[in-house]
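Colleague: Below is a structure I'd like to ask you about.
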């Protein structure tokens, strides 16, 4: 009996030490589908320029649209800083890339305090060559530059108005 308690304690300690998180979230209003691996995330959603949650994927030309991941945890830290990265990809219905930004956070070379990296935002300004009436696929991949396996991938089809 004593050995089984010790084994359970060791297993529980090991699981807590791992800080592992994996999951999927879907917004039924906008169609935003997100998956995360390694990171933990409280919420992920489509937002307007003012970070207000959108309840539709219909977007006016010239509008700013964001994918926001909120409550992001489980970064690897280096000297008290974290180093998030963000890839933004926009494609048309045929899969042709219109935009590909490998690291929208490339200016964060010195990192940032972990509490300032709890909310990650991928921002897209709609416009030319996008066409009203067409649908476009907006994808954001957030990652930890110190542990690239830690990712949050979010994607949504935007219907341009």
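Colleague: Can you pull out the residues in region 115-145 that are assigned to a loop (DSSP other than H, G, I, E, B) and either buried (at least 17 other Cβ atoms within 10 Å of the Cβ) or within 16 Å of the chain's Cα centre (by Cα) (or both)? Please lay out each step first, then the result.
Modeller: Let us first name the residues in region 115-145 that are assigned to a loop (DSSP other than H, G, I, E, B), namely 118, 126-134, 145.
Listed by number, the residues that qualify are 118, 126, 130, 145.
Colleague: Related question: In region 97-114, how many residues are closer than 25 Å to residue 30 by Cβ, in contact (Cβ under 8 Å) with a residue 12 or more places away in the chain and part of a strand (DSSP E or B)?
Modeller: Within region 97-114, residues that are closer than 25 Å to residue 30 by Cβ, in contact (Cβ under 8 Å) with a residue 12 or more places away in the chain and part of a strand (DSSP E or B) number 4.
Colleague: Another question, then. Against the condition surrounded by fewer than 14 Cβ atoms within 10 Å (Cβ to Cβ) and in a helix (DSSP H, G or I), how does residue 149 come out, does it pass?
Modeller: No.
Colleague: In addition: Pairs, please: C-beta under 8 Å, at least 6 apart or cross-chain, first residue closer than 27 Å to residue 57 by Cα and in region 142-161, second at pLDDT below 95 and surrounded by fewer than 17 Cβ atoms within 10 Å (Cβ to Cβ)?
Modeller: none
Colleague: Need pairs with beta-carbon distance below 9 Å; first residue on the phi > 0 side of the Ramachandran plot and modelled with pLDDT of 95 or more and within region 116-139, second crowded, with 16+ Cβ neighbours inside 10 Å and in a strand (DSSP E or B); sequence gap 6+ or separate chains.
Modeller: As it stands, the answer is 133/160, since those pairs meet every condition given.
The values are calculated or read from the model by the stated rules, or taken from the named source; none is laboratory data. This is a predicted model, so every value here is computed, not measured. Cβ sites come from the backbone with ideal geometry, for glycine too, and all protein chains shown count toward neighbours.
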